[in-house]
Structures are given as C-alpha cells and as structure tokens.
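The values are calculated or read from the model by the stated rules, or taken from the named source; none is laboratory data. Computed from a predicted structure; not experimentally measured. Cβ: placed from backbone, ideal geometry, glycine included. Neighbour counts: every protein chain shown.
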Amino acid sequence: MAGPMSKSKSEGSVPRVAWLQRTAIPESEVAASDDADADPEAPLLGRRNPREEEQRHMRQARRRCVPKWPLGSSNSAKERECYAPLTDMPSDDPSRGPHFRYEVNDMMRMVYEGNGVRKIARYREKKLVRSGWMSTKIWGTTYLASGYCWVQILMLWLGSGVVAVLVYGILHQVNDKTIASLQTGLRISDTLRTLAAFILGFYLEKTINIWWTLRHDTLQQLMNIVDNMCLRMAIYFPGNSYEDRHARETIMRYGILSLALLFKDAREVDVWSREEAEKAGALNLTDLMEERLLTTREAALLEGMPAKSQMCWVWISSLFTKWCLDGRLPDPLGNQNTMLAYSEQARNAISTILAQLNMQFPLNYSHLIVFFSKLYMIILSVEAGVTFGSSLHHTNYADVISKCFILTIAPILYQGLLEIKEHISNPFRDDITDYSFKMFHARLQNECSAFFKCAMDPPYTTAEDPEPAVLPPQFIERQVNTAMYDFDAR
C-alpha cells in the first residue's frame, strides 16, 4: 500500500500519504481560526504546523506497499513496490475527510469505506485476461460468489433428477428405438435459447449504455464544474489570509457536498422501507458532518428538504452574488453570470442523473425478459432430466455429458447477466462494483487543493516579488435610469 499507516476514524488504518501541503497559517491567525472553528457556522479549514508540512512532504516522496507473502516463501523478506495515483489518497487529517482504508495488491485497488462497505477502485485488466480470472480475489467480487447462483443451480439439478426418475419409470414398456429418438429429439431449449439470448443481450446493452453515459457524461460534468469553479477561486483568492482560504475552501466544500448528497439522493431511489433507508445512509447527514463537509446549521437547513444535492448550488450562486455585491471579485457581473451558468449546468447534471435512475424499463418488458430467461433454464432442466432418465435404459454418455455441462453453465450465464443489469442500474449503492464516493471525494479534494497550492506559489514568483498575480476586485457599476426618479419633486 502507498505510504505509512495510521488509524482511521471510520475503519482500520489509513495510508498517511498526502497529495499536497496545505497552507501554513500564521500564528496570528491560528487563534482566530481556533475560535472560529468552535462556531458551527465557521468555515471548515484544515490547519497544519510548518514542521508537520515538511515531514508530510518527505513522506509523499515515496509510496510503498509491502504485501503479505506466504510464510516460507523465498520472497517473504522482499519488498514489492505497489503504486496508486496521488489523487486517490485519503486525507491524513483526523479532523477532516475523506477517511478510508486504501489497499493496493497485485490484482486491484480496493477502497474500504467503513461499516463493512468496500469498493473496487480499479482492477488490473492485463492480468485479468491472462491468469487473473482464476484468482480468488476476482471470484469473490463476481456473481460466482453469490449464494443464489449455486442455490439456483442446485434446484435445477434437483428438478432434473426428479424428471429423470419419472422418465426412467415410464420407459419400462418402451422399445429401444423410442428411447433413442427421445434422447436426440427433445430440443425445445435450442429455439428458446436463441430468443432469450437476443432479447437479453439487447436489454443489457441498453443498460450498459445508460451506465456509461451516466458516469462519463453527466456525473463527470458535475465533477468538472466543481474543478473549474475551484480553479477560478484559486486565481481570484490566492492569498494566505483567512478570508481567501475561507472563500476558496467553502466553494470546494459545497461542490463536494453536492456530490455526497447526490449519492444519498440516488440511494433513496431503491429503498423500500425506512429501515433500508437508514441502513443505506440516505437519511442521516452525520457522516458528512464528521467528514467536515457540513456544518450543524447547514444540516438543519437541509432537514426535510427534497433533492438536497441541488440545494448546494443555490448556496454557491447566492454566495457568489454576495461576493459580487461586496466588491470581492474582478468583473463582478461577468463572474456572476459565469458562476450562475456553472450552477445551472451542475443542477441540470444532478437532475439528469436522478431522472436516469428513476426511469426504469417498462415492467412488461422487464418481466418478459426475466420470464423467458427463467423459462429457458427450467426447460433445460427438464430436457436434462429426460436425457438422464432415458440413458439408464439406453446408454448415451455423450448427451449426458453435454446436458450436465449446459445445465451448470447456462444458469450462471443467464442469471449472471440479469444480476449485472440490476446492479449497474443504480451504481450509487454499496455493491462492491458501485461508484465509491470516498474515492470521488479524495480525487476532487486533492485536485482542487492542488489548484490552490499552485496558485499561491506560481513559478514566476521570486524572492523579491513573492506575491502571485491577482486582478483587483471591483464593485458593480450601476447605471442610473433617470426615468425612475422625479427630479422636479420638491
């Protein structure tokens, strides 16, 4: 794993590999910040001691992962280098998230989000297509690890056995020619397999297209907007003052908060009781307060509010309007229009995502596909039973072996495709292959914090002129319309 380890607030140990040095706060501001953080309405800013900053910078120079080799192995004393992107690293600030355990092995990068939830950040595709497909690390994350997979196969085999016994008893009075024709003439499943495969393939293809569009278009658009707004904040507020840090980190916090609330809104789509909603974390905002994405007052304002993830963009728009009126931004009217356009695009992206999750295929269509898939498996079981029963009278081992193989493999394939469709229809839940908010949080926060750091110390600064360039703020110029006033009034 990358970096030294420390204990996490949520689960296990956290890699203490940081992506950036946060701003060292002058001593005159530390006391003010301490007083401000005691207030639930104060900005949630991370604080660092300069000496800690230097030590953290040295630690991030090399990120190391030492896997557990089997005892007695010739490699037991060797270290193996495993790397992960710096943008994926969790926070090493115990008072500020994201907190999670990040494991890197030779097959995949795994995020342990806490409460028994784990997500695959990335798997090693090159190894998967060669020998990795046999790895237990992979099998444990697939449909093959599902208990229902093997229970269904067992039920089909039991059904096939019952049919075999019945056929064996019925065929006592039948001649060998009839038995032979029965073994080779029962091929109902062949026609049904073609039909079921066609409609199921089309069904799954449409779902995968929706899933791909959701991740790479709408969800990525939302994260791009957060990055773009933070880039502007880095340029407009590059200073080390409390006001500048408050401004840029508040916009970053609200942007990430919007993404966090989107996950909660999306999980509400597929909960059917209050107990399920609480288990999925859709109703509780405490975790966001612990990650310092939300203050007590902000949580109270969101209480009982529908579509909470969209409300953050109202706050961002209102905050930019206030800054424009307060004369804190250059070109205030132009900036307000740009930021309002960003907020509208982000709200549209969130609304589109929720619409895609709420919009299902018609029930009649889904039922027809599931019905034909299940019917194919049942008929396959009956055919196998007929073949097994007739083979006891007239040995035909080729057909028996073929039926055994198909009766085991076909349910895995067809039921597996149905399960995949169900899982990817809402990838904001807690399945191992679903999106990881902790990972998205880390990436956005690390990227935006890097923007802030680079803007504070651009390469053109010198010892004689250490200040970064910044446009002077302006007040909004208002044109007076004389028609509004009665100058003759006395």
*Which numbered condition trips up Ser76, out of (1) more than 30 Å from Thr295 (Cβ to Cβ); (2) at pLDDT 85 or above?*
(2)
*Here are Ser373, Ser381: which of them is in contact with a Ser or Thr (Cβ under 7 Å, 6 or more places away or on another chain), of a type in the set (S, T, N, Q) and either closer than 20 Å to Thr191 by Cα or surrounded by fewer than 16 Cβ atoms within 10 Å (Cβ to Cβ) (or both)?*
Ser381
*Just give me the residues in the range 298-356 being of a type in the set (D, E, K, R) and surrounded by fewer than 16 Cβ atoms within 10 Å (Cβ to Cβ), in sequence order.*
Glu303, Lys322, Asp326, Asp331, Glu344
*Give Thr387, Thr408, Thr433 a once-over and let me know the one that is among the β-branched types (Val, Ile, Thr), in contact with a strand residue (DSSP E or B) (Cβ under 7 Å, 6 or more places away or on another chain) and touching a residue at least 40 places away in the same chain (Cβ under 8 Å).*
Thr433
_Given (1) surrounded by 15 or more Cβ atoms within 10 Å (Cβ to Cβ); (2) out of contact with any helix residue (DSSP H, G or I) (no Cβ under 7 Å at 6 or more places or on another chain); (3) without any contact (Cβ under 8 Å) to a residue 24 or more places away in the chain, number of the condition Asp270 does not satisfy_ = (3)
*Go through the range 259-297 residue by residue and tally those that are farther than 19 Å from His441 by Cα and not in a loop (DSSP other than H, G, I, E, B).*
9
_Every residue in the range 82-109 that is touching a Ser or Thr at 6+ places or on another chain (Cβ under 9 Å) and buried (at least 21 other Cβ atoms within 10 Å of the Cβ), please._
Pro90, Asp92, Gly97, Pro98, His99, Phe100, Arg101
*Which residue pairs have Cβ atoms under 6 Å apart, sit 6 or more places apart or on different chains, and have a first residue in the range 363-374 that is closer than 15 Å to Tyr414 by Cβ and a second that is at pLDDT below 90 and surrounded by fewer than 16 Cβ atoms within 10 Å (Cβ to Cβ)?*
Ile369/Ile199
*Could you run through the range 411-430 and say how many residues are in contact with a Ser or Thr (Cβ under 9 Å, 6 or more places away or on another chain), more than 17 Å from Leu357 (Cα to Cα) and without any contact (Cβ under 8 Å) to a residue 60 or more places away in the chain?*
0
*With respect to the numbered conditions (1) within 20 Å of Arg297 (Cβ to Cβ); (2) touching a residue at least 40 places away in the same chain (Cβ under 8 Å), which one is the sole condition not fulfilled by Ala280?*
(1)
*Listed residues Arg193, Arg215; which is surrounded by 16 or more Cβ atoms within 10 Å (Cβ to Cβ) and out of contact with any strand residue (DSSP E or B) (no Cβ under 7 Å at 6 or more places or on another chain)?*
Arg193
_Given the condition at pLDDT below 95 and of a type in the set (Phe, Trp, Tyr), answer yes or no: does some residue in the range 304-314 qualify?_
no
*asked:* Go through (1) farther than 27 Å from Gln360 by Cβ; (2) over 22 Å from the mean Cα position of the chain (by Cα); (3) assigned to a helix (DSSP H, G or I); (4) modelled with pLDDT under 95 for Gly239 and report which single condition fails.
replied: (3)
